[in-house]
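Peer 1: Let me give you the structure first, and then I'll get to my questions.
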Amino acid sequence: QVRLVESGGGLVQAGGSLRLSCVVSGRTFSNYAMGWFRQAPGKERASVAAISWSGSSTSYADSVKGRFAISRDNSKNTVYLRMNSLKPEDTAVYYCAAGPSFTQRVSAYDYWGQGTQVTVSS
């Protein structure tokens, strides 16, 4: 069984930064593509960023390009999401997920963390 645990969320003012972390246990981390997703109240879960198993490929939602950066450290079984220039519309619960393919499709991911709240005040 694969377990994912996110951390690093919190309350930040607009323009500020946060770094989310997601530690994966239970299976070989480097076998999985990883993704970050978010869900705001009343909205569907949406992709934020994805990274291939090696880290050589990344992709981003248009709304976060140039502000967010996804990375991974396979030696630490950890994926990160660096978030800069945060906006109130970035407020959501952020989830990390693991799956067999490098994609931003929510349905392609098999394993999910419990989520971490990010709140950006104006």
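The values are calculated or read from the model by the stated rules, or taken from the named source; none is laboratory data. All values derive from a computational prediction rather than experimental measurement. Virtual Cβ from ideal backbone geometry, glycine too; neighbours counted across all protein chains shown. For the accessible areas, the whole protein counts, side chains as well, though only heavy atoms, and no ligand, DNA or RNA atoms are used. Shrake-Rupley method; radii C 1.70, N 1.55, O 1.52, S 1.80 Å.
Peer 1: Apply the Karplus parameterisation 6.51 cos²θ - 1.76 cosθ + 1.60, with θ equal to phi minus 60°, to every residue of region 11-19 and state each ³J(HN,Hα) to the nearest whole Hz, in sequence, with x for glycine and proline.
Peer 2: These are the phi-based 3J(HN,Hα) values: 9, 9, 6, 4, x, x, 10, 9, 10 Hz.
Peer 1: Where is the GNM fluctuation largest for the chain (alpha-carbon springs, 10 angstrom cutoff): SER63, SER25, SER85?
Peer 2: Ranking SER63, SER25, SER85 by mean-square fluctuation puts SER63 first.
Peer 1: Given the options GLY15, GLY55, GLY42, state which has the largest fluctuation in a GNM of the chain using a 10 Å cut-off (strictly under) for Cα springs.
Peer 2: Checking each option, the largest mean-square fluctuation is seen for GLY42.
Peer 1: Taking H placed 1.01 Å from N in the peptide plane, check which residues at least 5 places from LEU86 or on another chain put their amide H under 5 Å from its amide H.
Peer 2: Residues meeting the amide H criterion: GLY15, GLY16.
Peer 1: What part of the accessible area of the chain, given as a whole %, is carbon or sulfur when the probe is 1.4 angstrom?
Peer 2: Here it works out to 45 percent.
Peer 1: A further question on this structure: For the chain, set up a Gaussian network in which alpha carbons nearer than 10 Å are linked by springs, and say which option among VAL93, VAL79, VAL48 fluctuates the most.
Peer 2: In this elastic network of the chain, the residue with the biggest mean-square fluctuation among VAL93, VAL79, VAL48 is VAL93.
Peer 1: Considering all projection directions equally, how large on average is the shadow of the alpha-carbon convex hull of the chain, in square nanometres?
Peer 2: Details: hull surface 26.7 nm².
Average of the hull's projected areas for the chain equals 6.7 nm².
Peer 1: Counting heavy atoms of the protein chains only and a 1.4 Å probe, report the per residue accessible area for the chain as a whole number of Å².
Peer 2: Values: 6080 Å² over 122 residues.
Per residue, the chain has 50 Å² of solvent-accessible surface.
Peer 1: Compute, for SER107, the solvent-accessible surface of its heavy atoms (probe 1.4 Å) with the complete set of protein chains present, and express it in square angstrom to the nearest 10.
Peer 2: Ignoring ligands and nucleic acids, SER107 comes out at about 100 Å².
Peer 1: Which net charge results for the neighbourhood of GLU44, defined as the other residues with beta-carbon distances under 14 angstrom from its beta-carbon, given Lys and Arg at +1 and Asp and Glu at -1?
Peer 2: On the way: positive: ARG38, LYS43, ARG45, ARG105; negative: none.
Cβ neighbours under 14 Å give a net charge of +4.
Peer 1: Still on this structure, please answer the following. Return the equivalent ellipsoid semi-axes of region 67-122 as a descending list in whole Å, where each equals the square root of 5 times an eigenvalue of the C-alpha gyration tensor.
Peer 2: Working: eigenvalues 99, 40, 23 Å².
After diagonalising the Cα gyration tensor, the semi-axes are 22, 14, 11 Å.
Peer 1: Compare the peptides 1-14, 26-39 by average per-residue count of other Cβ atoms within 10 angstrom and give them in order, highest first. Let's see the in-between values first.
Peer 2: Numbers: 1-14: 14.8, 26-39: 19.6.
My ranking of the peptides, most packed first, is 26-39, 1-14.
Peer 1: Treating only the Cβ of Lys, Arg, Asp and Glu as charged (+1, +1, -1, -1), what charge dipole size does the chain show about its Cα centre? Round to the nearest 20 debye. Walk me through the numbers before you get to the answer.
Peer 2: Numbers: 13 positive and 7 negative charges, 25 e Å.
Roughly 120 debye, rounded to the nearest 20.
Peer 1: Say R0 is 41 Å: what FRET efficiency, to the nearest 0.05, do ASP110 and ALA69 get from their beta-carbon distance? All intermediate terms of the calculation are to be shown ahead of the outcome.
Peer 2: Values: r = 24 Å, r/R0 = 0.59.
Step by step, r from the Cβ atoms, then E = 0.95.
Peer 1: On to the next question. Around ASP110, what is the net charge, scoring Lys/Arg as +1 and Asp/Glu as -1 over all other residues with Cβ under 13 Å from its Cβ? Present the calculation step by step, with values, prior to reporting the outcome.
Peer 2: Values: positive: ARG3, ARG27, ARG105; negative: none.
Neighbourhood net charge equals +3.
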